[in-house]
Structure formats: C-alpha cells, structure tokens
Amino acid sequence: MARPNPIRKIMEAPLPSRTYQRRLQFRPAPADIKYAYTIINRHVFDNQLTPCVIYSGSLRRTWAYCTWLDSEQHRGTWSTIHVMDKWYCPQWFIQILAHEMVHQWQYDIYRWEYLDQFRRNMPMNSDGHGPSFFSWRDRFDHYGLHLQRHYGTRRWFKHQDFTRC
C-alpha cells in the first residue's frame with residue numbers, strides 16, 4: 001500500500017481569500033516549520049537529507065534561501081535554510097521550503113557525486129538552478145508541487161496557480 005500523501009493534501013486544500021493572502025496572515029510556528037521539513041524530506045527526498053538548522057525571520061527581497069557553509073556541522077549537513085516568517089498561505093510556504101530543500105540536497109549530497117564525476121569541486125557561487133536542480137521536477141509533480149526557478153507574486157495573485165506564477 002502506498003504511503004499517504006500529506007503534501008498533496010496541503011497543496012490541494014482550498015486557498016484563503018486574496019485579502020487574507022495579501023496581509024501575509026499565515027505565520028508558521030517553529031513546530032510547523034519542522035513538521036513541513038519532515039514531511040517533505042520523508043516523502044519527496046526519501047529521508048536523504050540530514051535535518052539542518054532553519055532560521056525564520058524577516059527577509060528582504062526573497063522568501064527563503066539556502067546557505068552553503070564552509071564546514072560540516074555537528075548534524076552532518078553543510079547548509080542552513082532561512083525562511084520568511086510571514087506567508088501568503090500554507091501552500092506557498094510548502095512550495096518554497098521544498099524548493100530550498102532541493103538546494104540543500106545539491107549542497108549536502110550532489111556535490112560529492114559531482115566531485116567523483118568531474119574530479120573537481122562544484123562551484124560554491126553557482127546559483128544551483130541547473131540540470132541537477134530540475135532532476136527533481138517529476139518527483140515534485142507527483143506530490144502536487146511545482147518546481148521552478150522563480151515564483152512571481154504578481155502572477156500568483158492573478159492566477160492562484162503555481163504552474164502559472
């Protein structure tokens with residue numbers, strides 16, 4: 001029997017009104033962030049990722065970003081994730097967190113495969129939106145997520161659809 005799909009359940013839930021979304025009313029608590037990370041890691045990444053530190057707070061000009069650290073942390077990961085503390089809706093939050101987890105996968109797992117394959121280190125300043133990033137697109141589609149390089153907020157409010165924003 002297939003595992004239940006809590007990610008698809010969240011992504012298919014009815015969206016709040018546009019007025020609610022524009023006020024950035026969805027504010028996940030640390031436990032909500034940890035839960036979201038856990039279910040995405042379990043279902044999309046098959047528990048490949050080592051849980052990293054996730055900082056939540058006010059960010060300028062971005063919803064979230066993943067940082068590549070110079071040294072391995074005590075948890076066995078090389079990255080941290082920073083997320084905004086105010087979101088349009090839970091779907092937007094899950095979508096962006098999953099996007100940043102692909103970057104964590106690139107930094108923690110794929111870069112060692114890259115080293116073995118190309119005999120050189122993966123560039124730290126690469127934006128990470130190349131073939132290794134988009135290799136997760138089919139897996140994301142299976143779970144009701146849409147993987148893309150950028151999510152446009154203006155088009156989101158027009159269409160309310162991740163495939164069109």
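Read the figures in this text as sums done on the coordinates, not as results from a lab. Quick caveat, the model's predicted, so the values are computed rather than measured. In this analysis, Cβ positions are derived from the backbone assuming ideal geometry, glycine residues included, and neighbour counts consider all displayed protein chains.
Sorted from fewest to most neighbouring beta carbons within 10 Å, what does the list 52, 165 look like? Please list the in-between numbers first.
Details: 52 23, 165 19.
Arranged by neighbour count, lowest to highest, 52, 165 become 165, 52.
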Check your understanding: Can you give the percent of C-alpha pairs in the chain whose distance is more than 28 Å?
Key -> 21 percent
Point to revise | In sequence order, calculated HN-Hα J values of the range 92-105 (Karplus, 6.51, -1.76, 1.60; Hz; x Gly/Pro) | key: 5, 4, 4, 4, 6, 4, 4, 4, 5, 5, 5, 5, 4, 4
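Quick one: of the DSSP bridges fully inside the chain, what percent are antiparallel, nearest 5? Working shown, then result.
Numbers: 6 of 10 bridges.
Counting only bridges with both partners in the chain, antiparallel ones make up about 60 percent.
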Practice item. Return a whole-number percent for the relative contact order of the range 1-103, with Cα pairs under 8 Å and 6 or more residues apart as the contact set. Key: 34 percent
